[in-house]
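Chemist: Just passing along the structure, written as structure tokens.
Values in this text are rule-based calculations from the coordinates and carry no lab data. Computed from a predicted model, the values in this text were never measured in an experiment. No Cβ is skipped: glycine too gets one built from the backbone with ideal geometry, and neighbour counts run over all protein chains shown.
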Amino acid sequence: MAHKKGVGSSKNGRESASKRLGVKIFGGQACKAGNIIVRQRGTEFHPGENIGMGRDHTLFALVDGTVCFKVGRNDRRSVSVVPAVEA
């Protein structure tokens with residue numbers, strides 16, 4: 001007979017919940033003002049035209065339009081929103 005109960009389960013279960021980071025609206029897709037475009041840790045993507053950045057580096061649209069991703073100097077990636085033309 002075992003003198004100790006199996007303790008495998010008590011040593012498990014320490015990982016944190018996933019934070020659901022990443023691009024939420026991709027290039028060429030339509031977005032509305034206030035929509036979250038990228039959730040990130042640090043500035044993996046930099047804010048461009050018509051983009052706001054929150055305290056946690058979340059990028060969001062300031063106007064209605066189409067999302068556009070660009071690569072600039074030194075592989076610096078930025079996100080901008082091209083305003084929708086009102087007919």
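Chemist: Compute a Gaussian network model of the chain, connecting alpha carbons closer than 10 Å, and tell me which residue from 11, 19, 32 fluctuates the most.
Modeler: Residue with maximal mean-square fluctuation among 11, 19, 32: 11.
Chemist: Which aspartates and glutamates, on any chain, are close to residue 32 with Cα under 19 Å apart, when same-chain ones fewer than 8 places away are left out?
Modeler: 49, 64, 86
Chemist: Classify segment 20-83 from the C-alpha gyration tensor, please: rounded if a/c falls under 1.5, else prolate or oblate depending on whether a/b exceeds b/c.
Modeler: It is oblate, given that a/c is not under 1.5 and a/b is not larger than b/c.
Chemist: Separate question: Of 12, 78, 58, which is farthest on the positive side of the dipole of the chain, counting Cα position, with +1 on Lys and Arg Cβ, -1 on Asp and Glu Cβ, and the Cα centre as origin?
Modeler: After comparing all options, I get 12.
Chemist: Let me ask something else. Under the definition of Cα pairs under 8 Å and six or more residues apart, what whole-number percent is the relative contact order of the chain?
Modeler: In percent, rounded to a whole number, it is 25.
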